[in-house]
Amino acid sequence: MYKFYVNKNSQSTGEHEVHQEGCSYMPNSTNLFYLGLFTDCHGAVTAAKRYYNSVDGCYYCARVCHRR
């Protein structure tokens with residue numbers, strides 16, 4: 001199980017990015033919302049969609065969930 005977070009601030013393209021703990025591209029901790037423990041990024045993205053309409057996985061730590 002891995003800890004996942006979503007960026008509270010949207011990217012310039014409008015989506016909120018999901019990160020796995022330890023990602024070197026994770027935003028400042030004050031901009032993160034803890035989503036919980038998941039086996040992969042798919043569950044974390046689904047959880048993030050409860051809070052934000054537009055969600056994307058990080059290209060670097062959640063690449064299989066990265067769409068844009």
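Each value in this text was obtained by applying a stated rule to the coordinates, not by laboratory testing. What you see is a predicted model; the values in this text were computed from it and never measured. Methodologically, a virtual Cβ is constructed for each residue, glycine included, from the backbone with ideal geometry; neighbour enumeration extends over all protein chains shown.
Using a cut-off of 10 Å between beta-carbons, work out the net charge of the residues near Gln11 (Lys and Arg +1, Asp and Glu -1, Gln11 not included).
Computed value for this residue: -2.
How many nm separate the modelled label positions at Phe33 and Arg50, each set 7 Å beyond the Cα in the direction of the Cβ?
1.1 nm
Give the relative contact order (percent, whole number) for region 2-65; include only Cα pairs under 8 Å separated by 6+ residues.
39 percent
Sorted from fewest to most neighbouring beta carbons within 10 Å, what does the list Phe38, Phe33 look like?
By the 10 Å Cβ count, ascending: Phe33, Phe38.
Name the shape class, rounded, prolate or oblate, that the alpha-carbon gyration tensor gives for the chain, where a ≥ b ≥ c are the square roots of its eigenvalues, rounded holds for a/c under 1.5, and otherwise prolate holds if a/b is larger than b/c and oblate otherwise.
rounded
Could you tell me which of His66, Val55, Phe4 has its Cα farthest along the dipole of the chain towards the positive end, charges placed at Cβ (Lys, Arg +1; Asp, Glu -1), taken about the Cα centre?
Projecting each Cα onto the dipole axis, the largest value belongs to Val55.
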